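The next block holds one structure in the form of structure tokens; read it before the comments.
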Amino acid sequence: MSAGHRIFRNIRALAAAKTATMASGLVTAAWTARVLGPDSFGVLGFGTSLMAYAALFVNMGLSTYAIREIARARDQHDHREQAAELSEHVLTLRTVLAVVVGAIYAVFILSLDKPMEVKAVLLVQAVQLLGNALVLDFVYQATEKMGVIATREIGTSIGSMLLVFLLVRGPEDAITAAAITGGSITVNALVMIGRFRRDFGHLRPRVDLKVWREILTAATPMAVGVFAWAIFTHLDVVMLGFLAPHTEVGWYSAAVKIQTLANLVGNIVMNAFLPQLAAAYGELGPMRDRMRAYASVMLAVGGLVIAGGFALAPSILGTLFGDAYAPATLALRLLMLASAVVYANMILGNPLLVWHRQTGYMVAMLSGGALNALLNIWWIPRYGIEGAAMATFTAELAATVAIAWIHRQTVGELYVGIAGRAMLCAGAAVAAALALDRFAAPLFDRTPALVHFVAGSVVMVAVYAAVAVLTGLVHLKRLRRLTSATA
């Protein structure tokens, strides 16, 4: 099977999973936001962001390292044995880290100047650390068996959604909502371990300090880079939790949920391409060819998602979260602009991690993360949630400029032509949505936000698709050739 067909098969499997995840995630977020209210929903959002940082110290870049090593060794005769041995080391090391990090996290939470009800929610969310330690997605991503990952993600998202519907009924159920998320991740991770044992053999703890030191030495720059990435993703919510009322954190958390879903589409493409990009390392021609294909797909899907989120921000918030979250409209639009930069960062930055350029990526992301922290401290007290969104956008842009320089040094290209076509398509779609708003405003004023969202989405997709074909951003012949590939 050709690289293109493999990539399309990967995208197809991950897209099925992410579609189910996004659909159930939207429903779950909408239900919890409405049932809990902005105040309790803000507590959950604050805890989720804190937990994201704790989870980074559990993973320590080990997943990215394992993907790189397993993908590059898969043509060797003992590939299965190498993959199994590395997986055992990674899971054992992450489990140890989960115990240590969990204890430190608990001490930190108990020391906060927060009500005990808030601390209880934050402590219950720590269950996620064990689930994150045991997840084996990296093995199946490296071996391009994305269907296994898809099954796990669908099970986690649907299971969480059903439990939330059954058990979360009011603001007093915030602890239950926190427990459901962590519990679902852990149960699905254990099920996946059973699948691994069937595919690769026994999975047992491995303790070898010399091997661990070698793994951590290679993975640490990746971990620092990913930690810096998390500063962009979660620092704004964390700092709002300390500097603003929980109601404002709830508004902003709703906007961040939508931005996360927008970025999730890009993550599907990135995870599908990453094994092929890793395998191409060392050969400039294949690296360039796969990067052009990667950039084309990322920008084609990213342009539509970002344009839709920007133009339809009020109706998206109204449809999912209700009128109580309308104050987040401007913040959401700013975050969608930040997402445009996030897509550029995923295109130019993530391949560096599998091309042994993780140190440069780490420095760029750390510098941007420091800038993000300073801007949040400066702008949140002055501009509230809009200040947090502006800080994210500005810092992300600064880091991506530095990463673009490193990427150009590595492969000699920046895909400006592809980006220009994507911007043209996005601009045309936004213009079409604004024209629809102008002519159909009386109808939208009398109908639910869902009507506005659906009508705007249909118009934007139609215009974007037409302009994408006309500009050559999407080639129909190439698309038909890939979609006709056998599974």
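The values are calculated or read from the model by the stated rules, or taken from the named source; none is laboratory data. Everything numeric here is computed off the predicted structure, so don't read it as measured data. Virtual Cβ from ideal backbone geometry, glycine too; neighbours counted across all protein chains shown. Ligands, DNA and RNA are excluded from the accessible area calculation, which covers all protein heavy atoms including side chains. Shrake-Rupley method; radii C 1.70, N 1.55, O 1.52, S 1.80 Å.
Of a type outside the set (Lys, Arg) and either over 25 Å from residue 46 (Cβ atoms) or exposed (fewer than 15 other Cβ atoms within 10 Å of the Cβ) (or both): which single residue out of 123, 112, 97 fits that description?
Numbers: 123 fails: either over 25 Å from residue 46 (Cβ atoms) or exposed (fewer than 15 other Cβ atoms within 10 Å of the Cβ) (or both); 97 fails: either over 25 Å from residue 46 (Cβ atoms) or exposed (fewer than 15 other Cβ atoms within 10 Å of the Cβ) (or both).
Answer to the check: 112.
Conditions tested, residue by residue: (1) at pLDDT 95 or above; (2) under 29 Å from residue 358 (Cβ atoms); (3) touching a helix residue (DSSP H, G or I) at 6+ places or on another chain (Cβ under 7 Å).
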| site | (1), (2), (3) |
| --- | --- |
| 373 | no, yes, yes |
| 382 | no, no, no |
| 386 | no, no, yes |
| 403 | no, yes, yes |
| 413 | no, yes, yes |
| 439 | no, no, no |
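For region 32-45, check the following and say yes or no: at least one residue is within 21 Å of residue 99 (Cβ to Cβ), open to solvent by less than 30 Å² (accessible area, probe 1.4 Å) and part of a helix (DSSP H, G or I). Let's see the steps before the verdict.
If we filter region 32-45 for residues that are within 21 Å of residue 99 (Cβ to Cβ), which is where we start, we get none.
Checked against the condition, which is being within 21 Å of residue 99 (Cβ to Cβ), open to solvent by less than 30 Å² (accessible area, probe 1.4 Å) and part of a helix (DSSP H, G or I), region 32-45 yields no hits at all.
Is it fair to say residue 453 is open to solvent by less than 30 Å² (accessible area, probe 1.4 Å), modelled with pLDDT under 95 and in a helix (DSSP H, G or I)? Show your work before the answer.
On the way: open to solvent by less than 30 Å² (accessible area, probe 1.4 Å): no; modelled with pLDDT under 95: yes; in a helix (DSSP H, G or I): yes.
In short, no.
In the list 143, 181, which residue meets the criterion of being in contact (Cβ under 8 Å) with a residue 40 or more places away in the chain, closer than 21 Å to residue 274 by Cα, among the polar types (S, T, N, Q) and open to solvent by 20 Å² or more (accessible area, probe 1.4 Å)?
Result of the check over 143, 181: 143.
Residues of region 205-217 being under 11 Å from residue 60 (Cβ atoms) and in contact with a His (Cβ under 9 Å, 6 or more places away or on another chain), which ones?
212, 215
For residue 238, indicate whether it is at pLDDT 80 or above, touching a helix residue (DSSP H, G or I) at 6+ places or on another chain (Cβ under 6 Å) and under 21 Å from residue 112 (Cβ atoms).
Taking the combined requirement at face value, the residue does not satisfy it.
For region 388-417, which residues satisfy the criterion of being within 23 Å of the chain's Cα centre (by Cα) and farther than 11 Å from residue 344 by Cα?
Passing the criteria: 388, 389, 390, 391, 392, 393, 394, 395, 398, 402, 406, 407.
Tell me the residue from 397, 424 that is under 30 Å from residue 237 (Cβ atoms), open to solvent by 40 Å² or more (accessible area, probe 1.4 Å), of a type outside the set (Phe, Trp, Tyr) and at pLDDT 90 or above, please.
After applying the criteria, what remains is 397.
Open to solvent by 40 Å² or more (accessible area, probe 1.4 Å), among the aliphatic types (A, V, I, L, M), modelled with pLDDT of 80 or more and touching a Ser or Thr at 6+ places or on another chain (Cβ under 8 Å): which single residue out of 216, 209, 163, 190 fits that description? Spell out how you get there, then give the answer.
Working: 216 fails: touching a Ser or Thr at 6+ places or on another chain (Cβ under 8 Å); 209 fails: touching a Ser or Thr at 6+ places or on another chain (Cβ under 8 Å); 190 fails: touching a Ser or Thr at 6+ places or on another chain (Cβ under 8 Å).
None of the other options fit; the residue is 163.
May I ask you to verify whether residue 434 is of a type in the set (A, V, I, L, M, F, W, C), over 27 Å from the mean Cα position of the chain (by Cα) and modelled with pLDDT of 90 or more?
Yes, satisfied.
What are the pairs with Cβ atoms under 9 angstrom where one residue, in region 402-421, is hydroxyl-bearing (Ser, Thr, Tyr) and the other, located anywhere, is open to solvent by 40 Å² or more (accessible area, probe 1.4 Å)? Sequence gap at least six, or different chains.
Pairs that qualify, where the first residue is hydroxyl-bearing (Ser, Thr, Tyr) and the partner is open to solvent by 40 Å² or more (accessible area, probe 1.4 Å), are 410/357; 415/292.
Have a look at 155, 201 and point out the one that is more than 24 Å from residue 126 (Cβ to Cβ) and touching a residue at least 24 places away in the same chain (Cβ under 8 Å).
201
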